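Structure first, then comments.
The values are calculated or read from the model by the stated rules, or taken from the named source; none is laboratory data. Remember, it's a predicted structure, so these values are computed and weren't measured experimentally. Please note: Cβ atoms are built from the backbone with ideal geometry, for glycine as well, and neighbour counts cover all protein chains shown. The accessibility values were calculated without ligands, DNA or RNA, using every heavy atom of the protein model including side chains. Shrake-Rupley method; radii C 1.70, N 1.55, O 1.52, S 1.80 Å.
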Amino acid sequence: MNNTIARPKVMEARPKSSSDLWKRMLRNRYMYMMIIPGLVYFIIFKYFPMYGLVISFQDYMPYKGIMGSEWVGLKHFEKLFTDGEFWNIFKNTLILFLYNILFYFPVPIILAIMLNEVANAFFKRLVQTIVYIPHFLSWVIIVSISYVMLTMDGGIINELLVYFGLPKVNFLLDPTWFHPMYIIQVIWREAGWGTIVYLAAIASIDPQLYEAARMDGAGRFRQIWHITLPSIRSVIIVLLILRIGNVLDLSFEHVYLLLNSMNRPIAEILDTYVYTVGLKQGQFSFSTAVGFFKSFVGLFLVVLSNKLAKKFGEEGIY
C-alpha cells in the first residue's frame with residue numbers, strides 16, 4: 001500500500017511565458033485600465049521633471065537652456081552645506097516634521113478607533129462627514145478662517161479672553177504661537193481624512209476575535225489594546241514609513257500663508273526657501289540643489305525606516 005500523501009498542486013503565481021502574461025492582462029484589462037490615470041500622473045508630474053535635476057550641477061541660464069548652460073559640478077551643493085541660513089531653515093523643517101509625527105500622526109488612529117466604537121450608524125456617518133469636510137477646503141480658506149478667529153481686532157478668541165478678564169494675545173505675529181497654530185490647523189484639516197485607511201483596516205478584523213475577548217471578560221479598552229491596535233499595526237507602520245519619507249516635504253502653501261516678517265526666523269522651511277531663492281531671486285540651480293537634497297534625504301529615510309520595520313518583524317512597504 002502506498003502511504004505517500006498526495007500533495008495538492010500549488011498554482012504558480014507567475015505566468016510561464018510572456019503570452020500567459022498578456023492573456024492574464026487581457027482577462028483583467030478593466031482592472032489595469034484603472035491604473036492608467038495614476039500612472040500618467042506619476043509619469044508627467046514625477047518622472048519627467050527629474051530630467052531638470054541636472055541644472056543643480058549647472059549655472060543655469062534660461063535663455064541658454066539646459067544644453068547650453070555651463071556645468072559647475074558640486075558648486076551649488078558646497079554653497080548649500082556651508083550656508084548658515086540653510087541649516088537654520090533645515091532645523092525649522094525638522095521641528096515642524098516632529099510636531100506632525102508627535103501630535104498629528106496619532107490623531108487619525110485615535111479618531112478611527114473612537115468612530116469604530118460608535119454603535120449608532122446614523123450618528124457615526126454624521127460625525128465622519130463632519131470631520132471629512134475640512135480636507136476639501138484649501139489651505140487658503142483654513143488659514144483665512146484662523147485669521148478671522150485669532151486676529152486682535154474683533155477675533156472671537158481674543159474677544160473671549162477679554163470677556164474672561166484676560167489680556168489679548170497677538171497669535172498671528174507672536175512667533176511662539178506659530179507652531180501650535182500650525183499643528184492645530186493640520187489636525188483640523190487632515191485628521192478626519194486620515195481615518196479612512198484605519199477604518200478600512202479595522203473593518204477587516206475578524207469579529208470572532210472580539211466575541212472571544214468578551215467571553216473572556218475583556219472590556220472595550222482591553223479589546224482595543226489587545227485586538228484592534230495589534231490588528232492594524234502593519235497599516236500604522238506603512239503609513240509611518242511613508243510619512244517619514246516626506247520629512248522635508250511639508251505643505252508649501254500652508255506654511256507660506258502663515259509666514260510674516262515676525263515669525264520668519266522659525267517659520268521659514270525648505271519649501272518656502274526654494275520658492276524665495278528660485279523664483280523671487282532667480283537662483284534656479286541653487287534652488288534645484290535644495291530640492292535634490294530634500295529628495296535624497298526622503299529616499300534615504302524611507303529605505304532606512306523600511307529596513308528597521310522588517311528587522312522588528314513588520315512587512316514594510318517593499
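A few notes on this one:
- Residues that are within 30 Å of R233 (Cβ to Cβ) and basic (K, R) do not occur anywhere in the stretch 165-172.
- Selection within the stretch 266-281 - within 24 Å of the chain's Cα centre (by Cα) and open to solvent by 70 Å² or more (accessible area, probe 1.4 Å): none
- Qualifying residue in the stretch 110-117 (condition: part of a loop (DSSP other than H, G, I, E, B), touching a residue at least 60 places away in the same chain (Cβ under 8 Å), closer than 30 Å to R264 by Cβ and within 30 Å of the chain's Cα centre (by Cα)): no
Here's the yes/no breakdown for (1) over 27 Å from the mean Cα position of the chain (by Cα); (2) surrounded by 11 or more Cβ atoms within 10 Å (Cβ to Cβ):
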site: L53; (1), (2): no, yes
site: P62; (1), (2): yes, no
site: S69; (1), (2): yes, yes
site: K75; (1), (2): yes, yes
site: Y104; (1), (2): no, yes
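- Among residues of the stretch 299-318 being outside any helix (DSSP H, G or I) and not aromatic (F, W, Y), the one that is least open to solvent (accessible area, probe 1.4 Å) is G316.
- Of all residues in the stretch 264-278, those satisfying the criterion of being part of a helix (DSSP H, G or I) and either of a type in the set (A, V, I, L, M) or on the phi > 0 side of the Ramachandran plot (or both) are I266, A267, L270, V274, V277.
- Among the residues of the stretch 242-262, the ones that are at pLDDT 90 or above and open to solvent by less than 10 Å² (accessible area, probe 1.4 Å) come to 3 in all.
- Checked against the criteria, T176 does not count as open to solvent by less than 80 Å² (accessible area, probe 1.4 Å), part of a helix (DSSP H, G or I) and either at pLDDT 90 or above or farther than 20 Å from V118 by Cα (or both).
- Criterion: in contact with a Phe, Trp or Tyr (Cβ under 9 Å, 6 or more places away or on another chain), more than 19 Å from L111 (Cα to Cα) and part of a helix (DSSP H, G or I) - qualifying residue of I227, I244: I244
- Any hit, the stretch 143-164, residues being aromatic (F, W, Y), free of Cβ contacts under 8 Å to residues at least 12 places away in the same chain and open to solvent by 60 Å² or more (accessible area, probe 1.4 Å): yes
- Qualifying position, being surrounded by fewer than 16 Cβ atoms within 10 Å (Cβ to Cβ) and either without any contact (Cβ under 8 Å) to a residue 24 or more places away in the chain or of a type in the set (F, W, Y) (or both), among F296, F284: F296
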